1. Do we find a residue being among the β-branched types (Val, Ile, Thr), farther than 28 Å from Leu144 by Cβ and modelled with pLDDT under 95 anywhere in segment 198-214?
2. Among the residues of segment 211-224, which ones are assigned to a helix (DSSP H, G or I) and either crowded, with 19+ Cβ neighbours inside 10 Å or free of Cβ contacts under 8 Å to residues at least 60 places away in the same chain (or both)?
3. Spot the failing condition for Tyr36; the list is (1) of a type in the set (Phe, Trp, Tyr); (2) within 16 Å of the chain's Cα centre (by Cα); (3) loosely packed, with under 15 Cβ neighbours inside 10 Å, and only one is missed.
4. Any idea how many residues of segment 155-172 are surrounded by fewer than 22 Cβ atoms within 10 Å (Cβ to Cβ) and either of a type in the set (D, E, K, R) or modelled with pLDDT under 95 (or both)?
5. Within the group Leu196, Leu231, Leu201, which residue is assigned to a helix (DSSP H, G or I), crowded, with 21+ Cβ neighbours inside 10 Å and in contact (Cβ under 8 Å) with a residue 24 or more places away in the chain?
6. What number of residues in segment 234-247 are under 16 Å from Tyr124 (Cβ atoms), of a type in the set (A, V, I, L, M, F, W, C) and part of a loop (DSSP other than H, G, I, E, B)?
7. Report yes if some residue within segment 318-329 is in contact with a Ser or Thr (Cβ under 6 Å, 6 or more places away or on another chain), on the phi < 0 side of the Ramachandran plot and assigned to a loop (DSSP other than H, G, I, E, B); otherwise report no.
8. Of all residues in segment 6-19, which are touching a residue at least 60 places away in the same chain (Cβ under 8 Å) and closer than 20 Å to Asn103 by Cβ?
Amino acid sequence: MTVLVTGIAGFIGSKLAQFLSSSGESVIGVDNFNDYYSVSLKRIRVAKLLVPFGVEVRNLDISNNNQVKGLIKDVKPTSIFHLAAQAGVRLPLNQVNKYVDSNLVGFNNILSNAVEQEIPNLLYASSSSVYGNSKNLPYRESDLTLRPLSFYGATKLSNELITPTLLRGSSTRVRGLRFFTVYGPWGRPDMAYFRLINSALNNETFNLYGNGKASRDFTYIDDVVSAIDKLHSELQSRAFEFSDIVNVGGGNPASMLEMIDIISGYTKVKLNIKELSKHHNDVDSTNADPSYLESLVGSSPKTKLQDGLAQVVEWGRVPEIKGLLPEWIASSI
C-alpha cells in the first residue's frame, strides 16, 4: 500500500513521512518548496530525514488542480496525509492571497479529488488557531462558538466546515487534526522556541512580542507523529462518509516567560530579550482538551516541555546546525 504526504518537506510532514516509511509504508510526498521560510532548511530535511528511507519527493503546487488530479490518479494512495498549507498568522494584508491559494483552493483540490477518486482515508492539518481568543478553556472540539483572530485561522476553520459537505455518498472518510504549537528538532524557524534557542546558542537578540505572559500548549513532534499514526489506524475502522475533528495537544500550556526560563536554565545563558508590542493576530493562550483524542487512541501527548526543549537544544548544538540557525531565522523575518 502507498500513502501520500503533502507538505512533505515541512516540519511535521518530513517527520511523519520518515516514521511511516520506517514502519514499512511506501511513502510518496509532494511539496512546492515555497520561501515562507528557508528553502534550504526544507531541502536539508529531505536529504537528512527522507532520502535515507527511500521516500520519493515530488515538486508540486496543490493550488494547481490538474496537477493534484494527475498526482492522485498516478499514485493511487490508500491514505492521504494532507499537511501542506501556508503557515503562520502574521502575513500582511497584501499577502493573504497565499493563504487563499494554499489553504482554501489547495485544500479543496486535495479533498475533492480524494472524494472523486475514492481514496479511502484522508487526514488533514487544522490548527488551534481556529479557537481564536476563546474563553472556554480548555478548548474542546465540541465548541461551536469559534472566532479565529487571524486569516490563517479562518482558512483552517473553513476547511473543517467544508469537509462534511463533500463526503455525502462518498467512499472516503476524513479526519481533521487541530495541532497545538508543535515543536522539536528540525522545526520551523518562524516559531518562538526556535528563535529562543538560537539566541542562547549564537548570542543573538530575541524579539519578544508582548509581555511574555501569553501561553501555548506546546506539543512535542514525536508525540504528534505518534498521535497521527494512531488516529490514522482508528479512522480506518469508521464507515465511509465519516468526518471528525481531533485536538492534538496534551493540555499542559506554558507561558513564554516559562519557556525563556527553561532554555536559559538548560543552556546556562542569560538571554538578550527585546520586548515589542503584541501582534494583533497573536492569541493570549491555547489549551487543548485531549479527552476525545484519548478516547480514540488511548493516549495523548505527554512529553514535558523541559525534556522536549532539551532535545531541540542538543540538536541545535550540532555544529552543522548551529551555524545555519541564524540564516534560517533571517529567512522568515
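The values are calculated or read from the model by the stated rules, or taken from the named source; none is laboratory data. If you're wondering where the values come from, they're calculated on a predicted model, not measured in any experiment. As a convention, Cβ positions derive from the backbone with ideal geometry for all residues, glycine included, and neighbour counts pool all protein chains shown.
1. Of segment 198-214, the ones among the β-branched types (Val, Ile, Thr) are 205.
Imposing the further condition that a residue be farther than 28 Å from Leu144 by Cβ reduces the set to 205.
Remaining after also requiring modelled with pLDDT under 95: 205.
Yes, segment 198-214 has at least one match.
2. Ile221, Asp223, Val224
3. Tallying (1) of a type in the set (Phe, Trp, Tyr); (2) within 16 Å of the chain's Cα centre (by Cα); (3) loosely packed, with under 15 Cβ neighbours inside 10 Å, Tyr36 fails exactly one: (3).
4. Qualifying residue count for the region: 2.
5. None of the others qualify; the one that does is Leu196.
6. 1
7. Checked segment 318-329: no residue is in contact with a Ser or Thr (Cβ under 6 Å, 6 or more places away or on another chain), on the phi < 0 side of the Ramachandran plot and assigned to a loop (DSSP other than H, G, I, E, B).
8. Thr6, Gly7, Ile8, Gly10, Phe11, Ile12, Gly13, Ser14, Leu16 - these are the residues of segment 6-19 that are touching a residue at least 60 places away in the same chain (Cβ under 8 Å) and closer than 20 Å to Asn103 by Cβ.
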